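This report concerns only the one structure given below.
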């Protein structure tokens with residue numbers, strides 16, 4: 001395998017800027033607030049400087065005073081320096097290099113630029129060596145290369161282990177805020193447009209993989225499209241990306257128009273739209289034209305190709321994929337269960353990387369048809385196992401009227417929350433209007449006793 005030999009000393013850095021930033025913070029601790037959100041220990045290329053800044057961060061997290069005496073003692077305790085004399089001599093030298101308050105941010109910017117260049121060089125080296133090995137498939141290699149560069153561009157590259165202190169502070173600040181404003185604690189993610197569902201899953205949360213599964217005819221595509229439109233309409237400016245592997249873009253849009261305009265689906269197909277319906281249809285078209293919904297109907301698309309397209313979208317709020325079993329890894333292993341396992345694992349990774357909720361539709365096995373109670377269970381997930389494991393939320397759709405001819409509750413649909421990492425598993429009722437391919441919320445909680 002070809003290798004690029006790049007030594008640490010050859011990587012770009014600026015020793016003067018590193019020393020000035022550290023010295024300035026020890027002399028005027030308040031300056032740390034100006035650079036704390038910009039610099040991590042890895043921004044300091046010199047190992048010694050990396051350790052000193054790490055000590056300063058820990059002092060800040062623990063609420064201790066930041067001064068030359070405290071920094072010296074903690075550097076010695078954490079073996080940043082070999083001897084106490086060495087620590088004192090060097091740290092007092094740094095303190096003499098402190099600068100005006102207005103200048104520290106410009107030095108921090110220099111460190112950030114050098115850090116970025118080091119990351120690009122190391123990423124390029126890694127990509128070159130991986131591609132030269134000849135063991136990676138071109139498609140997988142392209143996705144890997146794009147991800148490395150994307151992570152750097154978005155400041156998400158791996159920066160080592162990070163102390164949990166800042167996260168704890170942020171969480172306490174959030175809890176203090178919602179203690180005073182409890183109404184803001186009800187929902188953390190995007191609204192699905194179904195309040196009774198949002199109440200239990202706390203909305204569509206960033207990095208969540210949400211699975212919607214049902215037997216054919218239950219309306220899972222309609223439910224997903226209803227959520228997509230609701231999310232885009234309720235949160236203006238947030239973009240919703242829909243990947244439709246089964247239906248064409250035209251079919252998806254037709255369903256949305258039917259649902260939002262209350263136009264019977266058969267009228268949309270035949271064009272026999274009554275004059276009284278045109279106003280509603282035009283209003284639905286105008287609304288859909290205003291919201292940020294994007295549809296990709298590429299067949300056999302891979303997750304790598306999805307990510308490449310999604311990374312180019314700013315203000316991405318939600319991804320919907322219809323549906324899991326039509327996706328491919330781009331490999332030909334012959335083991336479909338293993339392939340689906342890889343797909344669900346990579347979908348979860350994608351949700352986390354992009355920090356958006358990802359809704360994926362899935363088929364159910366025929367096992368439900370052989371039972372007296374045909375309500376789905378987690379074990380009914382087709383090519384199961386990893387699907388249940390990787391998903392944060394699993395929703396099943398079930399309509400009793402589909403199996404029984406009873407005229408009662410013909411429009412009632414159950415949304416079964418079978419898995420919920422954010423709260424309890426339960427059941428909520430929705431109203432299904434088949435002629436408009438539309439679900440609506442009936443705000444009714446399921447009660448085991450039937451009350």
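Filter region 303-328 for residues that are at pLDDT below 85 and outside any helix (DSSP H, G or I); which is surrounded by the fewest Cβ atoms within 10 Å (Cβ to Cβ)? Residue satisfying both the conditions and the ranking: 312.
Residue-by-condition table, conditions (1) surrounded by fewer than 23 Cβ atoms within 10 Å (Cβ to Cβ); (2) more than 24 Å from residue 302 (Cα to Cα); (3) touching a residue at least 24 places away in the same chain (Cβ under 8 Å); (4) not assigned by TED's automatic domain parsing to the domain that holds residue 399:
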{"residue": "193", "(1), (2), (3), (4)": "yes, yes, yes, no"}
{"residue": "205", "(1), (2), (3), (4)": "yes, no, yes, no"}
{"residue": "217", "(1), (2), (3), (4)": "yes, yes, yes, no"}
{"residue": "231", "(1), (2), (3), (4)": "no, yes, yes, no"}
{"residue": "237", "(1), (2), (3), (4)": "yes, yes, yes, no"}
{"residue": "241", "(1), (2), (3), (4)": "no, no, yes, no"}
{"residue": "250", "(1), (2), (3), (4)": "yes, no, no, no"}
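The residues of region 264-302 that are farther than 25 Å from residue 233 by Cβ, surrounded by 12 or more Cβ atoms within 10 Å (Cβ to Cβ) and touching a residue at least 60 places away in the same chain (Cβ under 8 Å) amount to a single one, 302.
Quickly run through region 177-188 and pick out the residues that are modelled with pLDDT of 75 or more and either outside any helix (DSSP H, G or I) or surrounded by 10 or more Cβ atoms within 10 Å (Cβ to Cβ) (or both).
Taking region 177-188 first, the residues modelled with pLDDT of 75 or more are 177, 179-180.
Scanning region 177-188 gives a single hit, 177.
For region 116-133, filtering for residues that are free of Cβ contacts under 8 Å to residues at least 60 places away in the same chain and exposed (fewer than 13 other Cβ atoms within 10 Å of the Cβ) leaves 0. The set of residues in region 220-229 being surrounded by 22 or more Cβ atoms within 10 Å (Cβ to Cβ) and closer than 19 Å to residue 401 by Cβ consists of 220, 222, 223, 226. When 25, 56, 66, 52 are checked against the criterion of being within 30 Å of residue 171 (Cα to Cα) and not in a helix (DSSP H, G or I), 66 stands alone in meeting it.
Where in region 334-436 are there helices (runs of 4 or more DSSP H), lying wholly inside it, with at least 1 residues that are at pLDDT below 80 and over 30 Å from residue 151 (Cβ atoms)?
Counting at least 1 such residues, we get 336-354, 400-403.
May I ask you to verify whether residue 331 is surrounded by fewer than 20 Cβ atoms within 10 Å (Cβ to Cβ), modelled with pLDDT under 75 and either within 22 Å of the chain's Cα centre (by Cα) or within 18 Å of residue 308 (Cβ to Cβ) (or both)? It is true that residue 331 is surrounded by fewer than 20 Cβ atoms within 10 Å (Cβ to Cβ), modelled with pLDDT under 75 and either within 22 Å of the chain's Cα centre (by Cα) or within 18 Å of residue 308 (Cβ to Cβ) (or both). Screening residue 201 on (1) more than 23 Å from residue 378 (Cα to Cα); (2) touching a strand residue (DSSP E or B) at 6+ places or on another chain (Cβ under 8 Å) shows it passes everything except condition (1). Just to verify a result, which residue in region 152-175, among those that are exposed (fewer than 11 other Cβ atoms within 10 Å of the Cβ) and closer than 19 Å to residue 113 by Cα, is modelled with the highest pLDDT? Only one residue fits best here, namely 160.
The condition (being surrounded by fewer than 20 Cβ atoms within 10 Å (Cβ to Cβ) and within 38 Å of the chain's Cα centre (by Cα)) is satisfied by just one residue among 97, 36: 36. With respect to being farther than 16 Å from residue 20 by Cα and modelled with pLDDT under 90, residue 97 falls outside the description.
The condition of being touching a strand residue (DSSP E or B) at 6+ places or on another chain (Cβ under 8 Å), in a loop (DSSP other than H, G, I, E, B) and in the same structural domain as residue 305 (by TED's automatic domain parsing) does not hold for residue 225.
The values are calculated or read from the model by the stated rules, or taken from the named source; none is laboratory data. Bear in mind the structure is a predicted one, so any value in this text is a computation, not a measurement. All Cβ positions, even for glycine, are placed from backbone atoms using ideal geometry, and neighbour counts span all protein chains on display.
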